[in-house]
1. Got the relative contact order for chain A handy, in percent, Cα pairs under 8 Å and 6 or more residues apart?
2. Within segment A:62-85, list the residues whose amide N lies under 18 Å from a label point set 7 Å along Cα→Cβ of A:D184.
3. Taking 8 Å as the Cα distance limit and 6 or more residues as the minimum spacing, I'd like the relative contact order of segment B:9-217 as a percentage.
4. Which ordering of A:F237, A:F207 is given by a fewest-first count of other beta-carbon atoms within 10 Å?
5. Once the Cα atoms of helix A:109-122 and of chain A are each reduced to a long axis, what angle between those two axes, in degrees from 0 to 90 to the nearest 10, is obtained?
6. Cα axis of helix B:185-217 to longest principal axis of chain B: angle in degrees, 0 to 90, nearest 10?
7. Given the options A:R75, A:R176, A:R115, which has the most mean-square fluctuation in a GNM of chain A, springs set between C-alpha atoms less than 10 angstrom apart?
8. Going by alpha carbons, how many degrees (0 to 90, nearest 10) lie between the helix axis of B:9-44 and the longest principal axis of chain B?
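The numbers here are math on the coordinates, done by the rules we state, and not lab data. Computed from a prediction, not measured in an experiment: that's the story for all the values here. For neighbour counting, all protein chains shown are included, and Cβ atoms are generated from backbone atoms with ideal geometry for every residue, glycine included.
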Amino acid sequence: MIVAENVEKRFGETLVLKRVNLRVEPGEVVTILGASGSGKSTLIRCINGLETLSGGKITVDGHDVSTKTGLVAARRASATVFQLFNLYPHMTALQNITLAPIEVLKLPKAEAEARARALLDRVGLSAQADAYPQQLSGGQRQRVGICRALAMQPRYLLLDEVTSALDPEMTGDVLRILAALAADGTTMVFVTHEIEFARHISNRIVFLEQGELIVDLPTAQFFAEDGGLAVPRIRQFLSKMKKD
Amino acid sequence: MRYADFTPYDIILLLQGLGVTLALFIGTTLIGLAIGLMLAVVHHYRIPGCRPVIVIVTEALKNSPVLVQLFLVFFGIPAFLHIRMTPVEAATLTISLNTAAFAFVIFRSGIESVDRDQIDAAKVFGLNRSQILRLIIAPQATAFAVGPLVGILVNQLQVTSLISVIGVFDLTKIGNILNLRTLQPFIVWAVIGLIYYLAAKALAHVGGRIEAALRKSVKWGGI
């Protein structure tokens, strides 16, 4: 379980996250919605320890990410897919995926490669195993990014606007893969602007507004007239996103 | 045969001078690259108090004449610390540090050329500092650095000629001796210049081969 309690994050004078509380149970898909700059990505970066908290506490399966040993364990339990892929450019797709399993999980190379090839096959990239990121399209790079995360067999998958840098066709490819993962019961924390998709795969939707988590509702209720839509800010956000 | 004529033995003298020049060049290059790399890594990890010291010292070394540095080391340090220093020791120390200063700047740029985002990814996947340095930063920084390093080293090879001034018997010093004996400066210095030229070309060629090999093994589309 991922638990965020009264999480605060400050960049200089600006309070980016204000007393955010969030729980993600194993098997859940939780989508974080909110306008740009509302703190969604920062929250993900606090969970995976790329940002240090200014206040509050985050635990992943009980491991406190603000302690050194806790962070190691928390990072072992989760894996992140990034908006801009963040692949290692000097390594092939296969090497990108096997690096952490070999170096961190200490898997034998052959086993790590077999695991990576199976994942690449699953996302339709078996033929690109030996290609370098530069030789791949954005959508293909992001699929490699997803394989890299899955190769760690994480309990939690953190997805930080993973389709924002992709064109609509590539977005479709990536979303289909995520839908399949959700159907398999993969636990996901999903920061996105793909509202319809979020509605389709999420158990819960939380809404961040200027660093405050103002709504946390089961998906159906979030989109109900007497639920999330009753909050003016959310109604405004959703209608604006639909227009775009 | 007059005393002032060129003799076959002069070729051996030239080769000896070339040997001294190359030995000193290779030695100072290895020491300089090692120190430069170490400084770049220390700089990268922001070890408290080290950054300003490294920057000030390397800036001083890069922006003052090597001949002045050589005089400071050969005449200044022994006088100040009351120690004895041979010309070869002074030459090795001076040129090693000078090479280190330039190597530091190139290695630092190489390290900084590696995108922060990749390092974030590596951290999140649980790689520790030394794994990130070895597996993510080093290969990319090296491919970035080889070209500029070869350029600097070709220059440092020429700079070694300055050590003849404090009495090291390098190629330039041999040229001086031959010149004084034969009084044929045009021939002597043309030959000496040609030997430096050929050595520099050979070095650039080897460097180019190394760079090509590195880029082949990391054949991603440009850095």
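1. Over chain A, the number comes to 26 percent.
2. From segment A:62-85, the list is A:77-82.
3. It comes to 29 percent, rounded to a whole number.
4. Sorted ascending by nearby Cβ count, the order is A:F237, A:F207.
5. The angle comes out near 60 degrees.
6. 20 degrees
7. A:R176
8. In chain B, helix B:9-44 runs at an angle near 20 degrees to the longest axis.
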